[in-house]
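The values are calculated or read from the model by the stated rules, or taken from the named source; none is laboratory data. Computed from a prediction, not measured in an experiment: that's the story for all the values here. Neighbour counts are summed over all protein chains in view; Cβ atoms, including those assigned to glycine, are modelled from backbone coordinates with ideal geometry. With ligands, DNA and RNA removed, areas are computed over all heavy atoms of the protein, side chains included. Shrake-Rupley method; radii C 1.70, N 1.55, O 1.52, S 1.80 Å.
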Amino acid sequence: MENPSRPGPWAGWLNGLLGVVIFSGSLPATRVAVLDFSPFFLTFARATIAGGLALLLMMLRRETRPTPRQAVSLAVVCAGVVVGFPLLTALALQHVTSAHSMVFIGLLPLATALFGVLRGGERPRPAFWIFSVMGSLLVAGFALTGEVRVSLRGDLLMLAAVALCGLGYAEGAALSRQLGGWQVIGWALILALPLMPGAAWLTRPATFSAVAPAAWISLAYVSLFSMLIGFIFWYRGLAAGGIAAVGQLQLLQPFLGLALAATLLNEHVSPLMLAVTLGVILCVACSKKFAR
C-alpha cells in the first residue's frame, strides 16, 4: 500500500510544472522592474523579502539546521540562484528584451545537465557533447544576427546567468535529497540574509515616489514567486519525480516566457526567435537523452 504522506511521481510532475510556470514570469517581471529600480537594488531587495519569509517559515516549522558540509553546498546554491542569476539577468535586461533573453533560457536545462554530469561524475555518450555544441552555436549565431540589435554585453550577461543558474539548480537538486525540496532554497536564502538588507539600503533609489506601480508589482512577484514559492514547487517536484525526469519540464519555460513577453509587455517575438528557441530546445532534449 502506497504511503499517502509520500508524494508519488505524478505529484512530482505537477509540482515541477507549477515551478516552471512561475519561473517563466521571472524575466518579464524583471524587465518591468529594472525600468525603475537598479539591478542591484532589485536583486538585494527580492532576496531580503524572500529571505525574511524563509526565516519565518523555518522558525515556525522548527527545521533542523544544515550541517557545515551542507552549508557549503547551500553557499553554491545561494551564489547561483539567490544572487548570481537574478543580478546578471537584471543587468542583461537593461540591454535586451525579455523575449530576446528567453532564447538563452533555452540553454538552462543544458547547463543544469552539464553541471549535473560534472558534479555526479557521469560519463555521457559522445552524442551528448555534439548536441551541446549545436545548441551553443545556435545561441551564438542568434546573438550575432543583424535582426537583433543589442549589445554584446547583454548576451554575455545572459550566458553567465544561465551558467550560474544551472550550477545552482544542479547543486540544489542533489542537496534536496538530504534536506528536502523547499528547505534547500529556504536555507540558501537565510544564508544570504545577513548581507541583503544592508546592500538593498545602499543601492536604493534616490526617491521611491517616482516608482511606477508596475515596478512594485514586479518586485513583489520576483520576491515571492520567483525567489521562494517557485522553488518550493520546483525542488519538491525534483525530489518526488526524479531530477532527470522532472528537469525536462524546463524545456517549456522559453515558450511560456515568450508568450508572456508578447502578451503582457507587447514585445516583438520574431519568427527567428521562435525558430532558434525551438532549435535550442531540440538540442537540449537530445543531449539529455544521451547524458547517461
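By a 1.4 Å probe calculation restricted to protein chains, F115 has an accessible surface near 60 Å², given to the nearest 10. Translational diffusion of the chain was estimated from the Stokes-Einstein equation, with Rh taken as the Kirkwood radius over Cα pairs; at 25 °C and 0.890 mPa s the coefficient is 128 µm²/s. Once all protein chains are placed together, F41 keeps about 20 Å² accessible to a 1.4 angstrom probe. Here the Karplus curve 6.51 cos²θ - 1.76 cosθ + 1.60, taken at θ = phi - 60°, turns the phi angles of region 183-194 into couplings of 5, 4, 5, x, 5, 5, 5, 5, 4, 8, 4, x Hz, with x standing for Gly and Pro. Each residue of region 166-215 gets 122 Å³ once the volume of the Cα convex hull is shared out per residue. Suppose a student asked you for the relative contact order of the chain, using Cα pairs under 8 Å spaced at least 6 residues apart; what percent would you report? Relative contact order of the chain: 43 percent.
Computed with a 1.4 Å probe over protein heavy atoms only, the accessible surface of the chain comes to 47 Å² per residue. Here the Karplus relation 6.51 cos²θ - 1.76 cosθ + 1.60, evaluated at θ = phi - 60°, turns the backbone of region 103-116 into coupling constants of 5, 6, 4, x, 8, 4, x, 5, 4, 4, 5, 4, 5, x Hz, with x for every Gly and Pro. Please identify every one of the trypsin sites (Lys or Arg not before Pro) in region 42-97 that sits in a loop by DSSP and has no more than 15 other beta carbons within 10 Å of its own beta carbon. Listed in order of number, the matching sites are R62. The slack between V211 and A75, meaning 0.36 nm per residue of separation minus the straight C-alpha distance, is 45.7 nm.
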